[in-house]
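Asks: For reference, the structure I am asking about is given below.
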Amino acid sequence: MTRDIDRRGLLKCMAWAGTGVLWTLSGGVPRSFALDGAMAKDARLAADTGFSFIQISDSHIGFDKAANTDVTATLRAGIEKIRGFGGSPAFMIHTGDISHLSKPSQFDTADQVIREAAIPHTYFVPGEHDVLVDDGEMYRERYGKGTKGAGWYSFDQGGVHFVGLVNVVNLRAGGLGFLGDEQLEWLEDDLEGKTASTPIVVFAHIPLWTVYPEWGWGTDDSARALSYLKRFGSVTVLNGHIHQVMQKVEGNIAFHTAMSTAFPQPKPGTAPSPGPMVVPADRLRTLLGVAQVRYVQGQGPLAVVDAPLVSAA
Amino acid sequence: MIGMKRIGALAAIFAVTALATRYTASAEDATQVSIDNFSFTPATLTVKAGTKVTWTNRDDIPHTVVTADKKLKSTVLDTDDTFVAVFDQPGTYTYFCSIHPHMTGTVVVVP
């Protein structure tokens, strides 16, 4: 396994975490702006006329340890943030770990708070915490209507083709996230016949690029999935799992991970292990957040705006 | 929450009584594996056949104990939950956390 990111690149990415970043792709070159910068304002105005959707991730409803004793309140704060975005988002994507322990009451609470966003539809993919019992049967009953296999699916909206993948089931000893042959064959078929100019958005829980294998932050067979995506001009990959903003661009594929609404995790390699990170109470909400993703037809790039619940001082 | 943890621990013991034909509960034979910072400590444990091995999750994140062949599977262990297994047959058992599969451990059972 190769590490796709060197330490310097990693630190560069990490400097953005929690600060609120708008990034766009121009000819495959990522450009980032602070959220309060003038460019961000212009982009926000442009967004009002385009097609946008929301990404939330890792709500972990049911978690109650020191890193955040009220994850329902911070999910609710994220939903309030989304209500303030404006521009009528078409839908919301939840990239998994809806619940902490796959309990019906935890899913119920998450559903109830997510409904407060008043966004017509939310698309889900499971995190490993959502499929802890019955091999994910309960997850699929609640969120997987009309999906294939362990809960993968695709749909089209606003001229963009969206693909939701599952990389948290049938994991193998010593491995990372895993898609499996059945899902990969489905993906190949699903993309066949799509023109190369179709913008593609792929979303899954565990990163589909190798962020930090020592902590399990990657997907064993993602290279095969990415090989099917290479011929497309605009591909955006949205993940969760690592509870912090990171991005990478490889050819025409832009990778982006979202903040959690529940608790932050350490930057790769800065702690003995991943897991809930305890931070001073006044910093917590600067490290939690949601994201808005925009696509303006004819302009190609999708822009991701990461919005912390509270801006860092 | 306390109630939930108890149920978790009971379920783990329940699973093991079904699985273990011989149950040796004497203190001398008992051995502990700690799950801490997303790792099993000790990573390799050598025990005599019939030893009771107890895993305790010290992390703020749930983990599991599952052998590579999936024949032995714990329930989901939340913080402070335990899982007990008795290894009767000599051999090398590699196991992992099915939620975080990069976490692996080995139990070597000697006659």
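Asks: Please verify whether the range A:87-102 includes one or more residues that are at pLDDT 95 or above and part of a helix (DSSP H, G or I).
Replies: For the range A:87-102, residues at pLDDT 95 or above and part of a helix (DSSP H, G or I): absent.
Asks: Residue by residue through the range B:24-47, note down the ones that are modelled with pLDDT of 95 or more and part of a strand (DSSP E or B).
Replies: B:Gln32, B:Val33, B:Ser34, B:Ile35, B:Asp36, B:Ser39, B:Phe40, B:Thr41, B:Thr44, B:Leu45, B:Thr46, B:Val47
Asks: Give the number of residues within the range B:53-70 that are part of a loop (DSSP other than H, G, I, E, B) and within 12 Å of B:Cys97 (Cα to Cα). Full working, then the answer.
Replies: Let us first name the residues in the range B:53-70 that are part of a loop (DSSP other than H, G, I, E, B), namely B:58-62, B:64-65, B:68-70.
If we keep only those that are within 12 Å of B:Cys97 (Cα to Cα) too, we end up with B:61-62, B:64-65, B:68, B:70.
Adding up the residues that qualify gives 6.
Asks: Can you go through A:Asp282, A:Asp306 and tell me which one is of a type in the set (D, E, K, R), on the phi < 0 side of the Ramachandran plot and out of contact with any Phe, Trp or Tyr (no Cβ under 9 Å at 6 or more places or on another chain)?
Replies: When all the criteria are applied, what remains is A:Asp282.
Asks: Scanning for something among the aliphatic types (A, V, I, L, M) and within 14 Å of the chain's Cα centre (by Cα), does the range A:265-288 turn up at least one residue?
Replies: Yes; the residues of the range A:265-288 include at least one that is among the aliphatic types (A, V, I, L, M) and within 14 Å of the chain's Cα centre (by Cα).
Asks: Given (1) part of a loop (DSSP other than H, G, I, E, B); (2) within 27 Å of A:Thr219 (Cα to Cα), where does B:Thr106 come up short, assuming only one miss?
Replies: Result: B:Thr106 fails condition (1) only.
Asks: Is it the case, given these coordinates, that A:Val237 is away from chain B (no Cβ under 14 Å), of a type outside the set (S, T, N, Q), closer than 26 Å to A:Asn68 by Cα and touching a residue at least 12 places away in the same chain (Cβ under 8 Å)?
Replies: Judged against the criteria, A:Val237 is not a match.
Asks: Quick check, is A:Ser260 surrounded by 23 or more Cβ atoms within 10 Å (Cβ to Cβ) and more than 17 Å from A:Gly96 (Cα to Cα)?
Replies: The answer is no for A:Ser260.
Asks: Sticking with this structure for a sec: Tally up the residues in the range A:263-305 that are over 22 Å from A:Ser99 (Cα atoms) and in a strand (DSSP E or B), please.
Replies: Filtering the range A:263-305 down to residues over 22 Å from A:Ser99 (Cα atoms) leaves A:267-272, A:280-283, A:293-305.
Within this subset, residues satisfying the condition of being in a strand (DSSP E or B) are A:293-295, A:302-305.
Matching residues across the range A:263-305 total 7.
Asks: If only one of A:Ala40, A:Ala47, A:Ala66 is modelled with pLDDT under 95, among the aliphatic types (A, V, I, L, M) and surrounded by fewer than 21 Cβ atoms within 10 Å (Cβ to Cβ), which one is it?
Replies: Only one candidate qualifies: A:Ala40.
Asks: Shifting gears a bit: I'd like to check something: does the range A:88-107 contain any residue that is within 14 Å of chain B (Cβ to nearest Cβ) and among the hydrophobic types (A, V, I, L, M, F, W, C)?
Replies: So far as the range A:88-107 goes, yes, one or more of its residues are within 14 Å of chain B (Cβ to nearest Cβ) and among the hydrophobic types (A, V, I, L, M, F, W, C).
Asks: Testing A:Ile253 on (1) modelled with pLDDT of 95 or more; (2) surrounded by 17 or more Cβ atoms within 10 Å (Cβ to Cβ); (3) of a type in the set (A, V, I, L, M, F, W, C), one condition comes back false. Which one is that?
Replies: Of (1) modelled with pLDDT of 95 or more; (2) surrounded by 17 or more Cβ atoms within 10 Å (Cβ to Cβ); (3) of a type in the set (A, V, I, L, M, F, W, C), only one is false for A:Ile253: (1).
Asks: Moving on. Considering every residue within the range A:131-149, establish whether at least one is surrounded by fewer than 19 Cβ atoms within 10 Å (Cβ to Cβ), within 14 Å of chain B (Cβ to nearest Cβ) and on the phi > 0 side of the Ramachandran plot.
Replies: Within the range A:131-149, one or more residues are surrounded by fewer than 19 Cβ atoms within 10 Å (Cβ to Cβ), within 14 Å of chain B (Cβ to nearest Cβ) and on the phi > 0 side of the Ramachandran plot.
Asks: A further question follows. Test each condition in (1) closer than 17 Å to A:Pro272 by Cα; (2) within 13 Å of chain A (Cβ to nearest Cβ); (3) touching a strand residue (DSSP E or B) at 6+ places or on another chain (Cβ under 9 Å); (4) not aliphatic (A, V, I, L, M) for B:Pro42 and report the one that comes out false.
Replies: Unmet condition: (2).
Asks: Starting from residues that are within 9 Å of chain A (Cβ to nearest Cβ) and assigned to a loop (DSSP other than H, G, I, E, B), keep the ones in the range B:71-96 and report whichever is farthest from A:Glu128 (Cα to Cα).
Replies: B:Thr79
Asks: With respect to A:Pro280, determine if the residue is crowded, with 22+ Cβ neighbours inside 10 Å and at pLDDT 95 or above.
Replies: no
Asks: Select from the range A:165-189 the residues that are away from chain B (no Cβ under 14 Å) and within 21 Å of the chain's Cα centre (by Cα) and write down the one among them that is farthest from B:Thr104 (Cα to Cα).
Replies: The initial filter retains those residues of the range A:165-189 that are away from chain B (no Cβ under 14 Å), namely A:165-166, A:181-189.
With the extra rule that they be within 21 Å of the chain's Cα centre (by Cα), the set shrinks to A:165-166, A:183-184, A:187.
Values: A:Leu165: 25, A:Val166: 22, A:Gln183: 26, A:Leu184: 26, A:Leu187: 30 Å.
Of everything passing the filter in the range A:165-189, A:Leu187 is farthest from B:Thr104 (Cα to Cα).
Asks: Quick check, is A:Ile200 within 13 Å of another protein chain (Cβ to nearest Cβ) and either buried (at least 23 other Cβ atoms within 10 Å of the Cβ) or of a type in the set (Ser, Thr, Tyr) (or both)?
Replies: The answer is no for A:Ile200.
Asks: Right, another one. May I ask you to verify whether A:Val160 is modelled with pLDDT of 95 or more and either of a type outside the set (S, T, N, Q) or more than 21 Å from the chain's Cα centre (by Cα) (or both)? If you could, list the steps in order and put the result at the bottom.
Replies: Details: modelled with pLDDT of 95 or more: no; either of a type outside the set (S, T, N, Q) or more than 21 Å from the chain's Cα centre (by Cα) (or both): yes.
In short, no.
Asks: Looking only at the range B:45-70, count how many residues are within 10 Å of chain A (Cβ to nearest Cβ), closer than 17 Å to A:Trp215 by Cα, under 14 Å from the mean Cα position of the chain (by Cα) and not β-branched (Val, Ile, Thr).
Replies: Matching residues across the range B:45-70 total 1.
The values are calculated or read from the model by the stated rules, or taken from the named source; none is laboratory data. Bear in mind the structure is a predicted one, so any value in this text is a computation, not a measurement. Using ideal geometry, Cβ is built from the backbone for each residue, glycine included, and neighbour counts are taken over all protein chains shown.
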